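Written out below as structure tokens is the structure these notes cover.
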Amino acid sequence: MASASLTRFTVPLQGGGASSQGLLMPKLKYRFRVNFLNFGVSAITTELTKQIVDFARPTVDFEEQVIDVYNSKIKYAGKPTWGDCAINLRDDAQGNVTKLVGEQVQKQFDFMEQSSAASGIDYKFTTTCEMLDGGNGAYAPNVLETWELYGCYIKSVNYNDATYGDNGPMTITLTLGFDNALQTPTATSGIGVAVGRTLGAVTTG
């Protein structure tokens, strides 16, 4: 009887059905990892993955377009724009994180020679954020969701402050700009699966 009552810990739906299954397990914010491909010039970038404090998942905004008609207005979605992503990193005592960040910044612009990269492909990298189920050690974690960010570059670096009044670690904040993002869940349908477009089936409204 007690376990049966737990199936009612959700919003009752019209017609029952899924409402009797109880609440679904949420993804937990602290179970994630972030990987970098072609970041900086060092072959190994796992120190960045290990020193991440937090990662802001992408946001997308569709520019609103308006068509003026007789007595009203018609709105439609314009081109999408991906918002920047913020990453906070712990600055380790051995300087691994600072070195990797410095490599990437130098790839984008050579401050000594005052020379910039010839094209974006010379310095852009790929970032992936994977939401995990909590597995570790002998139990490999399952990936619940993957965000893949393509055409990434460092838009800004903040090495943050040092203060006698704080016992916490030094941190580095990165703001990433990128060209495109794909969200892929483990499910075989839904986000990440092509919706498709029926050719010739043009509708109005």
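Straight distance only, please: which aspartates and glutamates reach the Cα of Lys50 with their own Cα at less than 13 Å, same-chain residues fewer than 8 apart left out?
Lys50 reaches Asp91, Asp92.
Please state the relative contact order of the stretch 25-185 as a whole percent: Cα pairs under 8 Å, 6+ residues apart?
Working: 302 pairs, mean separation 41.3, N = 161.
About 26 percent, as a whole number.
Using a Förster radius of 45 Å, what is the FRET efficiency between Ser116 and Thr186 based on their Cβ-Cβ separation? Nearest 0.05, please.
Values: r = 41 Å, r/R0 = 0.90.
Efficiency, rounded to the nearest 0.05: 0.65.
Positive end of the charge dipole of the chain (Lys, Arg +1 and Asp, Glu -1 on Cβ, about the Cα centre): tell me which of Ala4, Asn71, Leu144 has its Cα farthest that way.
Ala4
List, in order, the whole-Hz ³J(HN,Hα) value for each residue of the stretch 167-182 obtained from phi through the Karplus relation with A = 6.51, B = -1.76, C = 1.60 and θ = phi - 60°; use x for Gly and Pro.
So the Karplus estimates, Gly and Pro as x, are 8, x, x, 5, 10, 10, 10, 10, 10, 9, x, 7, 8, 8, 9, 10 Hz.
Calculate one ³J(HN,Hα) per residue across the stretch 144-152 by plugging θ = phi - 60° into the Karplus curve 6.51 cos²θ - 1.76 cosθ + 1.60, and present them in order as whole Hz with x for glycine and proline.
Taking θ as phi minus 60°, the curve returns 8, 6, 10, 9, 10, 9, 10, x, 7 Hz for the stretch 144-152.
If you place +1 on the Cβ of every Lys and Arg and -1 on the Cβ of every Asp and Glu, how big does the dipole about the Cα centre of the stretch 37-185 come out, in debye to the nearest 20?
180
Run the simple label-point estimate for Arg90 and Ala43 please: 7 Å along Cα→C-beta, distance reported in nm.
The modelled label-to-label distance comes out at 2.7 nm.
What are the ³J(HN,Hα) values, in whole Hz, obtained from phi via the Karplus relation 6.51 cos²θ - 1.76 cosθ + 1.60 with θ = phi - 60°, for each residue of the stretch 96-102 in sequence order, with x given for Gly and Pro?
Working through the residues one at a time gives 5, 5, 4, 4, 5, 5, x Hz.
Add -39500 (n - 2.57) for each DSSP H run of 4 or more in the chain, then divide by its residues: what number comes out at 222 nm, to the nearest 500 deg cm²/dmol? Intermediate values should be presented prior to the final figure.
Values: 3 runs with 23 residues, N = 205.
Result for the chain: -3000 deg cm²/dmol, rounded to the nearest 500.
Per residue, how big is the convex hull around the C-alpha atoms of the chain? Give it to me in cubic angstrom, could you? It would help to have the intermediate numbers written out before the result.
On the way: hull volume 61.4 nm³, N = 205.
Residue-normalised Cα hull volume stands at 300 Å³.
Skipping prolines and chain starts, which residues have an amide H placed within reach, meaning under 5 Å, of the one on Asp91, given they are 5 or more residues away or on another chain?
Residues meeting the criterion, in which the H sits 1.01 Å from N, are Met170, Thr171, Ile172.
No lab work stands behind these numbers, since they all come straight from the coordinates. It should be emphasised that the depicted structure is a prediction, and the values quoted were computed from it without experimental measurement. Cβ atoms come from the backbone with ideal geometry, glycine included; neighbour counts cover every protein chain shown.
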